[in-house]
Amino acid sequence: MFYQHFRQNAVGRDFVIGDLHGMYDLLMSLLANVGFDREKDRCFSCGDLIDRGPASEKCLSLMEEPWFHCVRGNHEQCMIDTVRHPSAHEIAQWVLCGGDWHLQVSSEQMNRYADRASEQPVLISVDLSGDRQVAICHAEYPLPVWNPGKIASDPDLVRAMQWSRTRIQSGDESVVEGIDHIFCGHTIVDQPVTLGNTHFIDTGGFESNRLTLICLSDLGTVLK
């Protein structure tokens with residue numbers, strides 16, 4: 001799946017969280033602090049559930065929760081590619097990026113994780129009140145206008161959504177037309193960074209012990 005659209009949450013709140021990287025307990029603490037209701041609220045993730053932190057498998061288990069929805073980050077893509085086409089080089093590269101946890105997991109279980117991760121979209125959009133819409137991707141949205149169909153047909157653009165740092169490295173403050181807000185992770189920032197209508201919210205939880213959780217129902221609220 002490339003793209004998944006969610007209609008407005010009519011019964012609860014919606015949140016977006018930056019890269020987890022195995023920080024399961026930190027996420028649970030944040031959700032408890034905001035009184036997250038698993039029956040009504042939804043949590044959307046910018047991807048990179050795994051690697052570097054202590055609980056990659058617990059974070060992967062979130063893909064089974066009906067209240068949790070994530071995009072496929074570059075670390076999930078590395079897992080998929082390595083599990084499906086293993087080689088000494090691929091495994092070594094993934095281990096260098098924090099994937100050593102998988103060496104203690106059976107190949108059967110890793111195949112299940114890879115299959116489930118490959119089902120996750122690369123791009124999510126969520127309807128909000130007031131005819132607003134937000135998008136969530138891992139690295140950055142690569143076009144100046146909202147056009148998921150164009151990206152889906154271009155492998156280079158799809159890859160950019162998982163890997164590119166062009167916008168944040170260049171300080172590009174242009175607004176992506178046709179969408180109200182875009183939330184991204186991938187690039188670690190000390191504090192959330194807004195460029196145009198794109199928000200970078202990966203505050204490096206595995207190092208800083210700080211994840212950024214934003215309530216989409218109140219975009220002015222950043223909770224740490």
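The values are calculated or read from the model by the stated rules, or taken from the named source; none is laboratory data. Given the structure is predicted, the values throughout are model-derived calculations rather than measurements. Note: ideal-geometry Cβ built from the backbone for every residue, glycine included; neighbour counts use all protein chains shown.
Scanning the stretch 87-143 for residues that are in contact with a Cys (Cβ under 6 Å, 6 or more places away or on another chain) and farther than 26 Å from ARG42 by Cα yields one hit, TRP94.
Scanning the stretch 17-57 for residues that are surrounded by fewer than 19 Cβ atoms within 10 Å (Cβ to Cβ) and more than 16 Å from LEU211 (Cα to Cα) returns GLY35, ASP37, ARG38, GLU39, LYS40, GLU57. Among all residues of the stretch 212-219, there is none that is buried (at least 19 other Cβ atoms within 10 Å of the Cβ), modelled with pLDDT of 95 or more, more than 15 Å from VAL16 (Cα to Cα) and in contact with a strand residue (DSSP E or B) (Cβ under 6 Å, 6 or more places away or on another chain).
If you check LEU157, LEU128, LEU62 for being in contact with a Pro (Cβ under 9 Å, 6 or more places away or on another chain) and hydrophobic (A, V, I, L, M, F, W, C), only one passes: LEU157.
Looking at this structure, is GLN133 touching a residue at least 40 places away in the same chain (Cβ under 8 Å) and in contact with a Ser or Thr (Cβ under 8 Å, 6 or more places away or on another chain)?
Answer is yes for this residue.
Residues in the stretch 187-224 that are of a type outside the set (D, E, K, R), in a loop (DSSP other than H, G, I, E, B) and farther than 16 Å from SER45 by Cβ: VAL189, GLN191, GLY196, ASN197, ASN209, SER217, LEU219, GLY220, THR221. Within the stretch 2-16, the set of residues being part of a strand (DSSP E or B) and surrounded by 15 or more Cβ atoms within 10 Å (Cβ to Cβ) comprises TYR3, GLN4, PHE6, ASP14, PHE15, VAL16.
Of the residues ASP127, ASP156, ASP190, only one is of a type in the set (Asp, Glu) and either in contact (Cβ under 8 Å) with a residue 40 or more places away in the chain or on the phi > 0 side of the Ramachandran plot (or both); which? So the residue among ASP127, ASP156, ASP190 that is of a type in the set (Asp, Glu) and either in contact (Cβ under 8 Å) with a residue 40 or more places away in the chain or on the phi > 0 side of the Ramachandran plot (or both) is ASP127.
Yes/no matrix, rows are residues, columns are (1) modelled with pLDDT of 95 or more; (2) over 23 Å from ALA152 (Cβ atoms); (3) touching a Ser or Thr at 6+ places or on another chain (Cβ under 7 Å):
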residue: GLN8; (1), (2), (3): yes, yes, yes
residue: VAL16; (1), (2), (3): yes, no, no
residue: TYR24; (1), (2), (3): yes, yes, no
residue: LEU27; (1), (2), (3): yes, yes, no
residue: PHE36; (1), (2), (3): yes, yes, no
residue: GLY53; (1), (2), (3): yes, yes, no
residue: LEU60; (1), (2), (3): yes, yes, no
residue: CYS70; (1), (2), (3): yes, no, yes
residue: ASN74; (1), (2), (3): yes, no, no
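Would you call LEU96 touching a strand residue (DSSP E or B) at 6+ places or on another chain (Cβ under 9 Å) and within 21 Å of THR187 (Cα to Cα)? Taking the combined requirement at face value, the residue does not satisfy it.
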